[in-house]
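The values are calculated or read from the model by the stated rules, or taken from the named source; none is laboratory data. Keep in mind that what you see is a predicted model, and the values were worked out from it rather than measured. All Cβ positions, even for glycine, are placed from backbone atoms using ideal geometry, and neighbour counts span all protein chains on display.
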Amino acid sequence: MVIGLGPVIGFGLRALLAAHPMHTSVAELTEEPSTHSVIVTLRVFADDFGTVAPGGLGDAAKAYVRAHFELRSPAGQPVELRWDGAGQAGDVVQIRLRAELPAGLSGTWVRATLLCEQFPDEVNIVRAIYGGRTTSLLFTRGDQAKALP
């Protein structure tokens, strides 16, 4: 499902931080046309992420993220996501990944199933900024990869 959540992402994340009434993550994909790369920034509640990576942001966290967040080319080929750092600020873990996408994000398949196996009410929002537009995808338990328009 493609939904227009761009303007409310920042406000929504702040509101969720204050109350944490449900389980959610936000991924922002930002295309950098000059370098043919995409920056992926994942934000997830630290206490939720601790259920799948109790040892912190080391190898177990990297393996978990790679198993539950992926990009595929329009032809279905896996896109390598390189770990570009991680940290925690307050209640939120932020993870940065980088990928090379010479053709850009249009038509790229995204799968964002972080924590869906842990929490039945998990909602993952992917916000992609590319080609002068912003598009959002919503993922819940049982969802498969979805293509960016």
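Can you find, within the range 36-75, the residue that is nearest to the chain's Cα centre (by Cα) among those that are in contact (Cβ under 8 Å) with a residue 60 or more places away in the chain and under 15 Å from residue 86 (Cα atoms)? Outline the logic, then answer.
Within the range 36-75, the first condition is being in contact (Cβ under 8 Å) with a residue 60 or more places away in the chain, and the residues that meet it are 36-38, 42, 44, 48-49, 51-52, 70, 72, 74.
From what's left, under 15 Å from residue 86 (Cα atoms): 42, 44, 49.
Numbers: 42: 5, 44: 9, 49: 13 Å.
Applying the filter and picking the extreme gives 42.
Could you tell me which residue of the range 118-149 is nearest to residue 78 (Cα to Cα), considering only residues that are charged (D, E, K, R) and touching a residue at least 40 places away in the same chain (Cβ under 8 Å)?
Residue satisfying both the conditions and the ranking: 146.
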Does at least one position in the range 54-68 carry a residue that is among the hydroxyl-bearing types (Ser, Thr, Tyr) and not in a loop (DSSP other than H, G, I, E, B)? yes
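Take the range 69-96 and flag every residue that is over 21 Å from residue 108 (Cβ atoms) and part of a strand (DSSP E or B).
85, 86, 87, 88, 89, 92, 93, 94, listed by residue number.
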Any hit, the range 11-32, residues being at pLDDT below 95, in contact with a Lys or Arg (Cβ under 9 Å, 6 or more places away or on another chain), outside any strand (DSSP E or B) and surrounded by 13 or more Cβ atoms within 10 Å (Cβ to Cβ): yes
Is one or more of the residues making up the range 116-135 surrounded by 16 or more Cβ atoms within 10 Å (Cβ to Cβ) and on the phi > 0 side of the Ramachandran plot? no
